[in-house]
1. What FRET efficiency comes out for the pair Q14/D76, r = Cβ-Cβ distance, R0 = 22 Å, nearest 0.05?
2. What figure, in Å² to the nearest 10, do you get for the accessible area of I73 with a 1.4 Å probe and non-protein molecules left out?
3. For D107, put the label point 7 Å out on the Cα→Cβ axis and report which residues of the range 122-154 keep their amide N under 16 Å from it.
4. I'd like to check one number: the per residue accessible area of the range 1-155, probe 1.4 Å, reported in Å² as a whole number.
5. Can you tell me the FRET efficiency between S192 and M148 if r is taken as the Cβ-Cβ distance and R0 is 30 Å, rounded to the nearest 0.05?
6. Using alpha carbon centroids, what distance separates the range 99-157 and the range 176-213, in Å?
7. If R0 is 30 Å, what FRET efficiency do you get for R67 and Q222 from their C-beta distance, rounded to 0.05?
8. Quantify, in whole percent, the carbon and sulfur part of the accessible surface of the range 78-210 (1.4 Å probe; protein heavy atoms only).
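The values are calculated or read from the model by the stated rules, or taken from the named source; none is laboratory data. A quick note: this is a predicted structure, and the numbers were derived from the prediction, not measured. Methodologically, a virtual Cβ is constructed for each residue, glycine included, from the backbone with ideal geometry; neighbour enumeration extends over all protein chains shown. Heavy atoms of the whole protein, side chains included, go into the accessibility calculation; ligands, DNA and RNA do not. Shrake-Rupley method; radii C 1.70, N 1.55, O 1.52, S 1.80 Å.
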Amino acid sequence: MVEQIKIVHSSTVQQVADGLTAMILSGGLKPGERVRESLIADNLGLSRNTVREAVRIVQAGGLIRHRANQGAIVWDPTDAEIMDAYNARYHLETIAARSISESTSMDEVHAAMEEFRTVLKSGDPFKIVEKDLAVHSAIVGLLGSQKMRTFYQQLVTELRYFMFVLSIEHHEYEDPDTLETEHQNIVDALDSRDPVLAEKVISDTIIQYRESIREIIAQRHQAG
């Protein structure tokens, strides 16, 4: 159960939290499943307090929720929660697209795209999702507002979960060319300095992925 949790020479609590996050993202811990702190502690030979603190870290990021009479439960997003997260993403990224002008520096976006292009060759869905998010974070960075960027980072935990679900369900990491083309189209639209075009391309992309994740989660709920 706990194979993905590795204990090395740094914060044990943080590493348990990172391991739990990896288990949730990979499906090792299923949506709606109870996180059994005592079992994890026993399997790892750690104190229950250590595991409890790790669970609190993951809970603060949103992937674990507390449910009355059940304790810590892996987040099982409702359709409303999916819509809320993607609507927030939609507004931030489309506002950034509308802000594009001849004087806007695209350096960060280009750098993020190059890193994304490189990591696509790895076939590692975790790395691909991280660099995918970095491209979109760089897009929000076009606004030149640290507060906007910080707010976007608050969405990243939930978006990471959704994007990883999409990656696994659709095997997107096995089709790097399509992923690269989709993101290059966004970058090209921004490079055109046409805010109307840039907004449309980004809008269409976000809506497409939003509807895909809604469908996947709805099917999981029906099957469950």
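1. 0.35
2. I73 has an accessible surface of roughly 0 Å² with all protein chains in place.
3. 138-139, 141-145
4. I get 51 Å² per residue for this part.
5. Numbers: r = 22 Å, r/R0 = 0.75.
E(calc), rounded to 0.05, equals 0.85.
6. About 13 Å separates the Cα centre of the range 99-157 from the one of the range 176-213.
7. E(calc), rounded to 0.05, equals 0.90.
8. It is 53 percent, rounded to a whole number.
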